[in-house]
């Protein structure tokens with residue numbers, strides 16, 4: 001399945017948000033995930049099903065003022 | 001010497017100096033500067049995870065047990081973007097605190113106060129503790145508080161400019177006309193005397209990023225800002241003498257020969 005993740009196309013086997021994060025090696029809990037502009041709650045990561053063409057944003061914190 | 005307590009939206013802040021985490025030469029320098037500043041609250045920005053480098057969060061370097069994390073919406077030019085970043089920040093973070101920025105212009109980074117007001121109203125209704133970065137306009141400060149802001153964060157001068165508190169009289173009017181309102185000077189503080197002035201005016205706290213991170217010795221400047229903030233606040237709480245045009249002798253006339 002092809003997804004757009006943080007602006008880039010990604011071919012993935014991941015079926016859920018949890019599987020996608022695991023595939024990308026993101027283990028920190030201090031991230032937020034948005035699928036097609038909807039924020040996915042952390043408790044839903046394991047059950048939130050991804051579909052072809054989903055636009056996903058994964059964000060965390062960087063230095064800022 | 002203890003300050004009066006500072007509580008915003010039910011959250012207690014021990015330090016009246018708040019520090020940004022951007023623009024340090026290295027994460028190690030930032031960690032040392034935060035330590036030297038004595039702060040207990042740091043600002044961070046919400047950005048895409050760099051998938052090539054792994055998570056790489058600033059929070060890998062900031063002890064979240066020691067510092068309260070205040071996410072900002074820096075870089076947002078529309079209400080929609082500011083709401084999106086605020087909501088993502090809350091989901092990624094640890095609290096309802098948001099330093100709300102809706103920027104109006106790239107060159108000055110002055111706030112778009114109309115957008116700011118709208119975003120404040122919406123986020124306050126969603127349960128955020130909204131700390132809006134605004135201009136030094138007392139009327140807008142009142143409007144923001146009426147819209148549900150937890151405090152106001154008027155700029156001293158443009159972000160990163162180091163020009164200091166350009167309009168102390170407006171800041172004073174904000175403080176005098178809204179006595180119960182918490183005022184945190186945000187942006188423009190360039191050196192220790194600027195921070196001390198903000199506190200002597202009666203502001204509740206001061207937020208500094210570039211003034212510390214951009215100094216030749218960021219760690220030493222962090223320490224200077226810490227002491228200036230403490231000195232300024234204590235001077236305010238102590239109640240300064242009134243200014244007069246002519247001299248008053250400090251030594252008694254009695255007993256003179």
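The values are calculated or read from the model by the stated rules, or taken from the named source; none is laboratory data. If you're wondering where the values come from, they're calculated on a predicted model, not measured in any experiment. Positions of Cβ are generated from backbone atoms using ideal geometry, with glycine treated the same way; all protein chains shown enter the neighbour counts.
For the reader, a short list of remarks on this structure follows.
- Filter pass, residue B:92 being crowded, with 22+ Cβ neighbours inside 10 Å, more than 11 Å from chain A (Cβ to nearest Cβ) and over 18 Å from the mean Cα position of the chain (by Cα): no
- Subset of the stretch B:35-69 (residues that are more than 10 Å from chain A (Cβ to nearest Cβ) and assigned to a strand (DSSP E or B)): B:41, B:68
- The lone exception for residue B:87 - which of (1) in contact with a helix residue (DSSP H, G or I) (Cβ under 7 Å, 6 or more places away or on another chain); (2) farther than 25 Å from residue B:197 by Cα; (3) not in a strand (DSSP E or B) it fails: (1)
- The requirement of being surrounded by 21 or more Cβ atoms within 10 Å (Cβ to Cβ) and either free of Cβ contacts under 8 Å to residues at least 12 places away in the same chain or assigned to a loop (DSSP other than H, G, I, E, B) (or both) is satisfied by residue B:136.
- Members of the stretch A:8-43 that are touching a strand residue (DSSP E or B) at 6+ places or on another chain (Cβ under 7 Å), in a loop (DSSP other than H, G, I, E, B) and loosely packed, with under 14 Cβ neighbours inside 10 Å: A:15, A:36
- Residue B:24 surrounded by 15 or more Cβ atoms within 10 Å (Cβ to Cβ), in a loop (DSSP other than H, G, I, E, B), modelled with pLDDT of 95 or more and away from chain A (no Cβ under 13 Å): no
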